[in-house]
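Any read-out appearing in this document is the output of simple, stated calculations on the displayed coordinates, not a laboratory observation. What you see is a predicted model, and the numbers here were worked out from it, not measured in a lab.
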Amino acid sequence: MDTVSTTYTADDNGAFLLRGLPEGEYRVAIEPNTVSNLAVYTTEEDVEVKIGEVKDLGILELQ
């Protein structure tokens, strides 16, 4: 999997935003800080990105 963009959480709730992605379909992978002992999370399906739209992935539960 190629890395197209990266970001960090924006608040204590873990909200994040990726800006400037070209339109297309992407697999989202979340890599928690290693000290958290949480596993990497990857979306099961591709996420469709469209110019000018915000895509809400809902609540993603890390384990």
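Structure above, values below:
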quantity	calculated
Label assignment, log10 I(q)/I(0) by the Debye sum over Cα atoms at q = 0.11, 0.13, 0.26, 0.29 Å⁻¹ derived from the structure, set [x] -0.23, -0.32, -1.12, -1.30; [y] -0.29, -0.39, -1.09, -1.26; [z] -0.26, -0.37, -1.49, -1.70	[z]
Net length gained if the chain between THR43 and PHE16 were fully extended (0.36 nm per residue, minus Cα distance)	8.2 nm
